[in-house]
Amino acid sequence: MAASRTTAGAPAPTEQRPARKGRTRVRDENGRRMPLWELILRYALLLGVLALMIGPFLWQLSTSLKGPHENIFSSPPSFLPSDPTLHNYTRVADTIPVWDYALNSLKVAAANVFTNCVGAALAGYALARLRYRGRKAATLVFILAMLVPVEGIIIAQFTTMRDLGLNNTLMGVLLPGCVSALNVLLMRNAFLNLPYEVEEAAFVDGANVWQRFFRIALPAVKGTLAVVAIFAFMGAWDDFLWPLIVLSDPDKFTLTIGLNYLHGTFANDERLVAAGTVIAVLPLIVLFACLQRYFFRGVGEGAVKG
Amino acid sequence: MKSQGAAAAATAGTGAVPATARGRRTGAPGGAGKRGDRGGARGTAGNGSNGQGPAGRRVRRQLVTSPWLFAAPGLAIVGVFILYPFVSTVVNSFTDKRQLIEGKYVGLANFRELLHDDMFWIGLRNSTLYVLVVVPALVVLPLLLALLVQKQIPGITFFRSAFYTPVVASIVVVGLIWVWMLDERGLVNAVLEAVGADKVGFLSDQWLLLFSAMAVTVWKGLGYYMIIYLAALANVPRELHEAAAVDGAGPVRRFLSVTVPAVRSTMVLVAALSSVAAFKVFSEVYLMAGPTGGPAGEDTTLVMLVQRTGTGLTGRVGYASAISVVIFVVTVALMLLVLRADRKEDA
């Protein structure tokens, strides 16, 4: 887990900077000097993959900025809008209540972050630190819940939600994932990795379990908590299948469902759909750019447990 | 069924806690201590707290209820919204329940009906094909990508982040981006036309549609598995590469006989994760082929079929649950298959 953070997040060591001056002083991990042809080949491949991975996003952005009189179907394609305009974005807002949808997504995502952080930290602490009868059974409950394929139980979840009178509400969108079993187990592992002696000292000094949880244990697992928070936000913001099933009233749509609706109704207006997708993806790209190392760390931790 | 038992045990435990904890107070010292490897440290601290008398006892009395208070929100959510629906899915699969009508027990009728349902076989075929195509691609390509971004050359952090971007984007965004890219008049066809090739109807042909959706799944997953492989590659001993190089092994040979064996357990992990995910594919195909699953529904996947069958006012909950049970069984089988393949390679 830690390894993924160090390999992925680490900036290039400073000693390698001089390579930019045209001299090949780049070395591989063995300290062997990398031949120029290999360096060129690597950058060529990197740029090729870059075009494949980022190109579609840029093409979508470019399409969304092209005005009504510019041909978006030209061949060869033109990548830069000749007369960039935000017209399509105002049109999206006129067509569907896109800002309301964004607000709905934001509400669900923010609530999901809060409930997952609190719920998973509390339960994880109980599983890792507190000794009580039934702890093994409780751990097993979370492990089993993690193994249940969510796609297979959506109909029953929907029925449950209807029995609770919560379908077609944002609360209904939020609830099934609001404390995910995976996050509980991640927090449990984080707490298990803390040295127990510190808490024991606090225990001897008379600190009760809440004090030990808030003052000692929780500050020590901030990194994992950040991972949980980010993946909870991303999961809620990006989710599609469950909101699609539980929401039926267009007023309550989240952004992803709204986009699906936009695509279904105005499929032939590529500029409009493109503007909608840019609105949906931009917040996450900004979030990712700011908090990269937690995203990468989450992959490592999630994979180990998943 | 098993999970229901576990949940029941967990809730039954709640009631039993005060009694046992009271019993423990008079028992072993350091009752709040973690069981296991830190036994030595715990023993001494426990004796210390024992010596404190009333204060220590008061602290420990607070521990009687708090573990369950701590775990309660998580257990409640997971129990009500994951485990209970799982159990009721299995139960419903033996009934003719509909969305607004209570059902009655019909035995294996739903499963017998599945055998004669063309749509079910189409769904099973497509979901299985998805696994067969997507999993090998997601086991191999991200490993090659990880090798490409492994060396610390200038700017590599930027490339790693850029390659990860599709993972961050919502599947809806990704799906719609590619719907436009692969459109009859979209970028891919414009490029094909510009180089003198014929246009390809990616989104109108049944098979091209399915393979396009698979390509999108691979495209979105590359960055995620790349990061997993990067962590594994960091643990490959350098000496192995050096020794192989000294022995005159070229890059390809070193890849096959040093890198691959060293990251094999990670490859198994990736295969397990991606095969389960691929079998449950929904969004890519739903967005690219449309809610009805492409021409004549030929691109329907199993999860799409569950969604289509079980929702709506007349949704056949019982029948959709039977399809879900098939999904559970195949998912578990896939996991076991991958793990078994792993063990065989070990031998």
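The values are calculated or read from the model by the stated rules, or taken from the named source; none is laboratory data. Keep in mind it's a predicted model, so treat the numbers as computed, not measured. Glycine also receives a Cβ, built like all others from the backbone with ideal geometry; neighbour counts cover every protein chain displayed.
Every residue, every condition in (1) over 33 Å from the mean Cα position of the chain (by Cα); (2) under 30 Å from A:D269 (Cβ atoms), yes or no:
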residue: B:V174; (1), (2): no, yes
residue: B:V188; (1), (2): no, yes
residue: B:G201; (1), (2): no, yes
residue: B:Y224; (1), (2): no, no
residue: B:A243; (1), (2): yes, no
residue: B:D247; (1), (2): yes, no
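Of the residues making up the range B:167-185, just one is more than 8 Å from chain A (Cβ to nearest Cβ) and without any contact (Cβ under 8 Å) to a residue 24 or more places away in the chain, namely B:E184. Look at A:I143 and say whether it is surrounded by fewer than 24 Cβ atoms within 10 Å (Cβ to Cβ), among the β-branched types (V, I, T), in a helix (DSSP H, G or I) and in the same structural domain as A:L241 (by TED's automatic domain parsing). Criteria met by A:I143. Candidates in the range B:120-150 are the residues that are over 23 Å from B:M267 (Cα atoms) and touching a residue at least 40 places away in the same chain (Cβ under 8 Å); of these, the one that is nearest to the other protein chains (Cβ to nearest Cβ) is B:G123. Could you go through the range A:254-266 and let me know if any residue there is surrounded by fewer than 18 Cβ atoms within 10 Å (Cβ to Cβ), touching a Ser or Thr at 6+ places or on another chain (Cβ under 9 Å), touching a residue at least 12 places away in the same chain (Cβ under 8 Å) and outside any helix (DSSP H, G or I). Checked against the condition, which is being surrounded by fewer than 18 Cβ atoms within 10 Å (Cβ to Cβ), touching a Ser or Thr at 6+ places or on another chain (Cβ under 9 Å), touching a residue at least 12 places away in the same chain (Cβ under 8 Å) and outside any helix (DSSP H, G or I), the range A:254-266 yields at least one hit. Looking across the range A:156-165 at every residue that is assigned to a helix (DSSP H, G or I) and free of Cβ contacts under 8 Å to residues at least 40 places away in the same chain, the one that is farthest from the other protein chains (Cβ to nearest Cβ) is identified as A:D163. In the range B:309-325, of all residues being within 25 Å of the chain's Cα centre (by Cα) and either surrounded by fewer than 21 Cβ atoms within 10 Å (Cβ to Cβ) or not in a helix (DSSP H, G or I) (or both), the one that is nearest to the other protein chains (Cβ to nearest Cβ) corresponds to B:T311. Of the helices (runs of 4 or more DSSP H) lying entirely inside the range A:166-217, the ones with 1 or more residues being of a type in the set (S, T, N, Q) and surrounded by 21 or more Cβ atoms within 10 Å (Cβ to Cβ) are found at A:181-192. Suppose the filter is at pLDDT 90 or above and over 30 Å from A:A267 (Cβ atoms); does B:R112 pass it? Criteria met by B:R112.
Tell me whether the range A:102-110 contains one or more residues that are assigned by TED's automatic domain parsing to the domain that holds A:I285, assigned to a helix (DSSP H, G or I) and within 28 Å of B:V218 (Cβ to Cβ).
Within the range A:102-110 (the criterion being assigned by TED's automatic domain parsing to the domain that holds A:I285, assigned to a helix (DSSP H, G or I) and within 28 Å of B:V218 (Cβ to Cβ)), the answer is yes, since at least one residue qualifies.
Counting only helices (runs of 4 or more DSSP H) wholly contained in the range B:199-290, the ones carrying 3 or more residues that are within 13 Å of chain A (Cβ to nearest Cβ) and at pLDDT below 90 occupy B:206-233, B:238-246, B:264-279. Screening the range B:297-308 for residues that are in contact (Cβ under 8 Å) with a residue 40 or more places away in the chain and over 13 Å from B:L210 (Cα atoms) and picking the one that is nearest to the other protein chains (Cβ to nearest Cβ) gives B:V303. Just one of the numbered conditions (1) under 30 Å from B:T309 (Cβ atoms); (2) at pLDDT below 90; (3) in contact with a Gly (Cβ under 8 Å, 6 or more places away or on another chain) is not true of A:Y196: (1).
Within the range A:192-216, residues that are farther than 14 Å from A:L130 by Cα and touching a residue at least 12 places away in the same chain (Cβ under 8 Å) reach partners that are in a helix (DSSP H, G or I) and polar (S, T, N, Q) with beta carbons closer than 8 Å, at six or more positions or on different chains, in the pairs A:A202/A:Q211. Applying the selection to the range B:151-166, what residues are surrounded by fewer than 23 Cβ atoms within 10 Å (Cβ to Cβ), facing chain A (nearest Cβ under 8 Å) and at negative phi? Passing the criteria: B:K151, B:Q152, B:I153, B:P154, B:I156, B:T157, B:F159, B:S161, B:A162, B:Y164, B:T165. B:P136 passes every criterion in (1) surrounded by 15 or more Cβ atoms within 10 Å (Cβ to Cβ); (2) assigned by TED's automatic domain parsing to the domain that holds B:G310 apart from (1). Apart from one condition, A:V227 fits all of (1) surrounded by 20 or more Cβ atoms within 10 Å (Cβ to Cβ); (2) within 11 Å of chain B (Cβ to nearest Cβ); the exception is (2). For first residues located in the range B:76-102 and aromatic (F, W, Y), partners that are part of a loop (DSSP other than H, G, I, E, B) and crowded, with 23+ Cβ neighbours inside 10 Å and lie 6+ apart or on another chain with Cβ distances below 7 Å form the pairs B:F86/A:I153. Scanning the range B:105-146 for residues that are aromatic (F, W, Y) and within 20 Å of the chain's Cα centre (by Cα) returns a single hit, B:Y130.
Within the range A:60-82, if we keep just the residues that are in contact with a Pro (Cβ under 8 Å, 6 or more places away or on another chain) and closer than 21 Å to B:V174 by Cα, the residue that is nearest to the other protein chains (Cβ to nearest Cβ) turns out to be A:S62. Looking across the range A:258-285, the residues that are within 7 Å of another protein chain (Cβ to nearest Cβ) and over 18 Å from the mean Cα position of the chain (by Cα) come down to A:L259, A:N260, A:H263, A:E270, A:V273, A:A274. Among the residues of the range A:181-218, those identified as of a type in the set (D, E) and at the interface with chain B (Cβ under 8 Å from one of its Cβ atoms) are A:E197, A:E200. Residues that are more than 7 Å from chain B (Cβ to nearest Cβ) and of a type in the set (V, I, T) were ranked within the range A:115-153; the one that is nearest to B:R316 (Cα to Cα) is A:V150.
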